[in-house]
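Single-structure report; data block below.
The values are calculated or read from the model by the stated rules, or taken from the named source; none is laboratory data. None of these values were measured; they are calculated from a predicted model. FYI the Cβ positions are ideal-geometry reconstructions off the backbone, even for glycines, and counts take in every protein chain you see.
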Amino acid sequence: MLDAYRLMVLARATDERCLSLQRQGRIGFYAPLMGQEAAQVGASRALSPADWIFPAYRELAVALARGVSLRAIFDQLLGNADDLIKGRQMPNHFGFRDVNFVVASSPIGTQITQAVGAAMAAQRRKDSIVTISFFGDGATSSNDFHAGLNFAGVYQCPTIFFCQNNQWAISLPRERQTHSATLAEKANAYGIPGVVVDGNDLNAVYGAVSEARARALSGKGPTMIEAEVYRFGPHSTSDDPKRYRTDAEVSEARERDPIGRLKDFLIAKGLWSEESDRKQSEEVRALVARTFEAAEKASPLDPRSIFDDVFARLSPRLEEERAEYDALVRTGVLKP
Amino acid sequence: MTEMNLVQAINRTLHDVMRSDPNVLVLGEDVGVNGGVFRATDGLYKEFGADRVIDTPLSETGIIGAAIGMALYGLKPIAEIQFLDFIYPAFDQIVSELAKFRYRSGGQYPAHVVIRTPYGGGIKGGLYHSQSTEAYFCHTAGLKVVVPSTPADARGLLLSAVDDEDPVLFLEPKRIYRSLTGEVPDGDARIPFGRARVAREGSDVSLFAYGAMLPVALEAAEKLAPDGISAEVVDLRSLVPLDEKAVIDSVEKTGRAVIVHEAARFCGFGAELAALLSEKALYSLKAPIVRVTGFDTPFPYALENVYLPNADRIAHAARNTVRAS
């Protein structure tokens, strides 16, 4: 549990640092997860490394819990030459094939049907794994949410729908996203159990996901889990939440901060102390700062790589466009 | 070689690829027990079972989203969308997800899905069973788009599509599913993408067509022959990648280009061909390029014969280009 706590603290420190880096213009954009650390780490801890994760773009702590290095995270945020996705996407759209962390996209909910398809594939191959999609409260209004739950119900495939209900889809509050009393109850319409869990409680989330995973592996089909959390930060660095919610509401939610809650629990159990917390906090902050500075020194992307990975092989047309680009550089029209 | 029609060629090829590769599976609406509304998947369910021939709920985004997940996991899904007209609930999955997976993951996650879908008019299908909207998809980087016009090409292109590493939209000209037959090779008769076919040699004017417009263009060429006009008919077969060389070579020979498609003219695929010729073959042109296409209206029901290009319209356009110089 100390390990999980450290991951949560690391995710929070990374978040805080990135918000400041974005203000300094050192990264272009950032979508913080603060408030969702227990939900993400708790869910990740219940999974096996062979399970497939279909994240949205707010799943930093899931990536860290999967063992992705902080450096790889920063390389993506910077879009430098070491970025595994080669600078193709905005910050936070991570993808790490070596840990079965499928690359995220911006459209909302599209990963949900994909996670179901991967589970159908695993089911056909008789692989003992589950797939899990991460999405927010807003995604429960998307086409793919309904299609995905419906397919999973029909095929009884081994997948988990993990909804982090952080109460806000940019400016739209949860109660205006749907008239349903809970998001999880939507699963019932598809013949799937829907569970609501306190997303600020690491152990509760771990328990719910473990149970869903066991159900899926025993052939009893999918589960939807709604983890109730609160998005402490803005939707992204491009968002000003003061336009739609009060500071008082945020302060009130922060009283249920999952990190403070776990810390209190660990101290009460005699596993942790204020002193060790201070030390860890310093150590983590230094690690974040040091790692980012190293990532900043990495080489920039090769501009010619823009033409790669559109297709498995460079098409004649793209070959021609690349030659066109090369000529523009050669003749000084464009700077490399 | 076996004589068969286009839908039989597709059906036969689906059987073959499913027999030879256990990773191949088929999913879509009514594709299983019913064998597909056009019977393209007839018999597959009986031979391969519900695990590999999957009747899906009525949701195109579900079909393509699930197919993507299967492909990421290592299977080779062939998804059927019942009519191209119904593909739009899956448009997001196709253009935002499928087409971009390889690119957006830096090559980590290729997603090879083949989407088969009947397209085009001439079957009294009205607005929503007739459209020819290939241009939407050709415009999206990362997708390949192919259109057979003969049973042999249907087999050859489908074999290549299943064998490819990139997502492929395989458009089936439903109007000629059964109206013509041809000799189809029995074995591996893959036709590589990006190779057009000269369906008829000629020297005075090039007619460019694909899919169900191909027999119409050939009919037009017949009508032109008595006037002493020798028309070459080029079947593009593959829109993305496009065989640019074949298009340019033909116009360098004839000096005249008539582009034919069912789709509406404005921003249709013909616009790309016309741009290509003006960029790379302008000095070979003896007359302005002409497009013979569907009108810029929705696809009408009762007046579909007014909408669709026919041999007379094509021949008329070709005569005009010959007279122009």
**OP:** Determine whether region A:98-109 contains at least one residue that is assigned to a strand (DSSP E or B), touching a Pro at 6+ places or on another chain (Cβ under 7 Å) and at pLDDT 95 or above.
**Re:** yes
Original post:
Are any of the residues in region A:54-63 hydrophobic (A, V, I, L, M, F, W, C) and surrounded by fewer than 23 Cβ atoms within 10 Å (Cβ to Cβ)?
Top reply: no
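Every residue, every condition in (1) of a type in the set (D, E, K, R); (2) assigned to a helix (DSSP H, G or I); (3) modelled with pLDDT of 95 or more; (4) touching a Cys at 6+ places or on another chain (Cβ under 9 Å), yes or no:
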| site | (1), (2), (3), (4) |
| --- | --- |
| A:Asp15 | yes, yes, yes, no |
| A:Gln22 | no, yes, yes, no |
| A:Pro32 | no, no, yes, yes |
| A:Gly67 | no, no, yes, no |
| A:Asp75 | yes, yes, yes, no |
| A:Asp83 | yes, no, yes, no |
Original post:
Does B:Gly74 fit the bill of being over 20 Å from the mean Cα position of the chain (by Cα) and over 24 Å from B:Asn34 (Cα atoms)?
Top reply: yes
**OP:** Give A:Glu252, A:Glu283 a once-over and let me know the one that is exposed (fewer than 12 other Cβ atoms within 10 Å of the Cβ), at pLDDT 95 or above and outside any loop (DSSP other than H, G, I, E, B).
**Re:** A:Glu252
**OP:** Among the residues of region A:261-297, count how many are more than 16 Å from A:Asp15 (Cα to Cα) and without any contact (Cβ under 8 Å) to a residue 40 or more places away in the chain.
**Re:** 14
Original post:
Is there any pair with a first residue in region A:309-326 that is acidic (Asp, Glu) and a second that is surrounded by fewer than 15 Cβ atoms within 10 Å (Cβ to Cβ) whose Cβ atoms are under 9 Å apart and which are 6 or more apart or on different chains, and what are they?
Top reply: A:Asp326/A:Arg304
Original post:
Which one is surrounded by the fewest Cβ atoms within 10 Å (Cβ to Cβ), of the residues in region B:100-114 that are under 22 Å from B:Leu159 (Cα atoms) and facing chain A (nearest Cβ under 7 Å)?
Top reply: B:Pro110
Original post:
Looking at A:Arg213, A:Arg176, A:Arg125, which one is within 25 Å of B:Asp92 (Cα to Cα), of a type in the set (Lys, Arg) and in the same structural domain as A:Asp264 (by TED's automatic domain parsing)?
Top reply: A:Arg176
Subject >> Which numbered condition B:Phe38 misses (of (1) surrounded by 24 or more Cβ atoms within 10 Å (Cβ to Cβ); (2) away from chain A (no Cβ under 14 Å)) >> reply: (1)
**OP:** Note down all Cβ pairs under 6 Å where the first residue falls in region B:18-31 and is within 13 Å of chain A (Cβ to nearest Cβ) and within 19 Å of A:Thr113 (Cα to Cα), the second is small (Gly, Ala, Ser) and part of a strand (DSSP E or B), and they're at least six residues apart or on different chains.
**Re:** B:Leu27/B:Ala79; B:Gly28/B:Ala79
Subject >> region B:57-96, residues that are crowded, with 24+ Cβ neighbours inside 10 Å, farther than 26 Å from B:Gly121 by Cα and touching a residue at least 24 places away in the same chain (Cβ under 8 Å) >> reply: B:Gly65, B:Ala66, B:Ala67, B:Ile68, B:Met70, B:Ala71, B:Leu72, B:Leu75, B:Pro77
Subject >> Filtered residue count, region A:296-320, keeping only those that are exposed (fewer than 13 other Cβ atoms within 10 Å of the Cβ), within 10 Å of chain B (Cβ to nearest Cβ) and within 26 Å of the chain's Cα centre (by Cα) >> reply: 0
**OP:** Test each condition in (1) more than 7 Å from every other protein chain (Cβ to nearest Cβ); (2) in contact with a strand residue (DSSP E or B) (Cβ under 9 Å, 6 or more places away or on another chain); (3) not hydrophobic (A, V, I, L, M, F, W, C) for B:Asp51 and report the one that comes out false.
**Re:** (1)
**OP:** Consider A:Gly28 carefully, then state whether it is part of a loop (DSSP other than H, G, I, E, B), in contact (Cβ under 8 Å) with a residue 12 or more places away in the chain, surrounded by fewer than 22 Cβ atoms within 10 Å (Cβ to Cβ) and within 10 Å of another protein chain (Cβ to nearest Cβ).
**Re:** no
Subject >> Criterion (buried (at least 23 other Cβ atoms within 10 Å of the Cβ), hydrophobic (A, V, I, L, M, F, W, C), touching a Lys or Arg at 6+ places or on another chain (Cβ under 8 Å) and within 30 Å of B:Ser278 (Cα to Cα)) met by exactly one of B:Val234, B:Val251 >> reply: B:Val234
Original post:
Of the residues B:Ala161, B:Ala199, which is in a strand (DSSP E or B) and crowded, with 19+ Cβ neighbours inside 10 Å?
Top reply: B:Ala199
**OP:** Hey, can you tell me all the residues within region B:115-124 that are more than 14 Å from chain A (Cβ to nearest Cβ) and either touching a strand residue (DSSP E or B) at 6+ places or on another chain (Cβ under 7 Å) or free of Cβ contacts under 8 Å to residues at least 24 places away in the same chain (or both)?
**Re:** B:Arg116, B:Thr117, B:Pro118, B:Tyr119, B:Gly120, B:Gly121
Original post:
Taking only pairs six or more apart or across chains, which ones have beta-carbon atoms under 9 Å, a first residue in region B:207-220 that is within 21 Å of B:Ala287 (Cβ to Cβ), and a second residue that is at pLDDT below 95?
Top reply: none
**OP:** Of the conditions (1) within 13 Å of chain B (Cβ to nearest Cβ); (2) in a helix (DSSP H, G or I); (3) within 15 Å of the chain's Cα centre (by Cα), A:Gln89 clears all except one; give me its number.
**Re:** (2)
Original post:
Would you pick out the residues in region B:221-270 that are within 17 Å of B:Ala287 (Cβ to Cβ) and basic (Lys, Arg)?
Top reply: B:Lys253, B:Arg256
Original post:
When A:Val68 is evaluated against the numbered criteria (1) out of contact with any strand residue (DSSP E or B) (no Cβ under 6 Å at 6 or more places or on another chain); (2) surrounded by fewer than 21 Cβ atoms within 10 Å (Cβ to Cβ), which criterion, by number, is the only one it fails?
Top reply: (1)
**OP:** Residue by residue through region A:118-150, note down the ones that are in a helix (DSSP H, G or I), more than 8 Å from every other protein chain (Cβ to nearest Cβ) and touching a residue at least 60 places away in the same chain (Cβ under 8 Å).
**Re:** A:Ala139, A:Leu149
**OP:** Report, by residue number, each residue of region A:40-77 that is among the aliphatic types (A, V, I, L, M) and within 14 Å of another protein chain (Cβ to nearest Cβ).
**Re:** A:Ala50, A:Ile53, A:Ala56, A:Ala63, A:Val68, A:Ala72
